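Encoded as structure tokens, the structure appears first; notes follow it.
The values are calculated or read from the model by the stated rules, or taken from the named source; none is laboratory data. Just so we're clear, the structure is a prediction, and the values are computed from it rather than from any experiment. We place every Cβ from the backbone using ideal geometry, glycine too, and count neighbours over all the protein chains shown. Accessible surface is based on the protein model in full, side chains and every heavy atom, while ligands, DNA and RNA are left aside. Shrake-Rupley method; radii C 1.70, N 1.55, O 1.52, S 1.80 Å.
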Amino acid sequence: MILENPLARRLFLDRHALAGPPAGAASGPDLLALIDRLGFVQLDSINTVARAHHQILWSRRTAYRAPALKRLHERDRSLFEHWTHDAALIPAAFLDHWQLRFARDAARIRERYRQWQGPAFEAEIDTVIARIRDGGPVGTGDLATPREGRGQGWWDWQPSKTALEFLWRSGRLAVTRRDGFAKVYDLAERVYPQVVARGEAETIDWACTAALDRLGFATSGEIAAFWAKVTPAEARDWCTAALASGAIEEVRIEGADGTLRRHFARPGLRAAAEAAPEPPGRVRILSPFDPALRDRARAERLFGFHYRIEVFVPEAQRRWGYYVFPVLEGDRLIGRLDARARRAEGVLQVRAFWPEAGLRMGGGRLARLEAELSRLARFAGVETVGFDPGWLRAGPG
């Protein structure tokens, strides 16, 4: 079966909660249901306009405000913080199946840290556990010695910080809250609800099934990468078995350039795509870490949109800018926006917008972009939108 590109885009955006209008409740059970639908929400510290986790949720529910996420995590304990492909907030309902990730991280990270610091970090593990058990939650700075307290980056990590990270990644500690953006750790049994041990095979089946359901269609590599908790070989084996049982089928997905690529999907993919809503014509300004764009190669195949974040690119070598936002209109990624919230001046400053090649910025489209910029400014806590001279640029050549 071949799924044409417009239908593939529609289904993909629907699975990522971008096919409906960004309306509705955005707190409590409604917000938790949205995060469950996405699978997780990635955390990131960059705050040029809003931190990634907040913008991801706002793009789908414009009523969303940051305290709602904090309540789910820190008060209701409906979310827990751990690692997928990066740090993320994940529904606590998935904790049973996260025990495999904890166990695998314990073995993998212990060996990596041994190679890096020798036995020094392991000597701190019991001390850190005792300190938290007897004294309550701690942050990195609470454990640092004067010598250790000098550095802030990964390369400056000292044994106590390394032990904290290891104990968190291996599931013995949990992030109980963040102060600002700094993690505060407590014993996992004080934070996580009681979990039920699941077998490895059961967890692999859950992870692959849940990934495919959230993607709509995927290669085995994309299934493995979704949670980053099963290996590519395990995902391939799962696909082989699920294909043989009829739980999934092979499909061909048409890319933006007309090429066909083999994927796996649940039976009835075409009906599901046709039943998905047509994405609204409004403009949305997405986070660079939006889950729909997390896999840059897939986004390029599906939408014909080449995107790379340039945070780590030297300024003189950047093509677009430090932190450029992808812009979605309907089912099409139409350009890149360079903007920054200047909170002291109360302004969302728009430095540049580059439309995609061949895209005409007529009056209607320009009005839709400006309306979204006004909404983004309010979300960022500033009053007005300012535009640099010549902000509307020519598209890529």
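Miscellaneous remarks
- Panel values: the stretch 211-313, Kirkwood radius from alpha carbon pairs, Stokes-Einstein at 10 °C and 1.306 mPa s, translational diffusion coefficient 104 µm²/s.
- Counting only residues at least eight positions apart within a chain, or on another chain, the lysines with an alpha carbon under 17 Å from that of Lys70 are Lys183.
- Distance between the 7 Å Cα→Cβ label points at Ala244 and Gln194: 3.8 nm.
- Here the 3J(HN,Hα) profile of the stretch 369-385, calculated from phi with Karplus coefficients 6.51, -1.76 and 1.60 at θ = phi - 60°, is 5, 5, 5, 5, 4, 5, 5, 5, 4, 5, 5, 6, x, 10, 8, 9, 10 Hz, Gly and Pro shown as x.
- Helical mean residue ellipticity (222 nm; -39500 (n - 2.57) per DSSP H run of 4+; nearest 500) of the chain: -12500 deg cm²/dmol
- Beyond 20 Å, the tail of the calculated P(r) for the stretch 11-82 holds 24 percent of the Cα pairs.
- The residues of the stretch 91-250 expose on average 46 square angstrom of accessible surface per residue, using a 1.4 Å probe on protein heavy atoms.
- For the stretch 263-363, a/c is not less than 1.5, where a ≥ b ≥ c are the root eigenvalues of the C-alpha gyration tensor, and a/b tops b/c. That puts it in the prolate class.
- Within the accessible surface of the stretch 216-345, defined with a 1.4 Å probe on protein heavy atoms only, the carbon and sulfur portion equals 52 percent.
- Geometric extent, Cα atoms of the stretch 318-397 - Rg, Dmax (angstrom): 12.4, 37
- Using bins of 20 Å that start at zero, the share of Cα-Cα pairs per bin across the chain amounts to 25, 55, 20, 0, in whole %.
- Mean separation of Cα contacts under 8 Å, 6 or more apart, over the residue count of the chain: relative contact order %: 18 percent
- With every protein chain in place, the stretch 1-126: carbon and sulfur % of accessible area (1.4 Å): 52 percent
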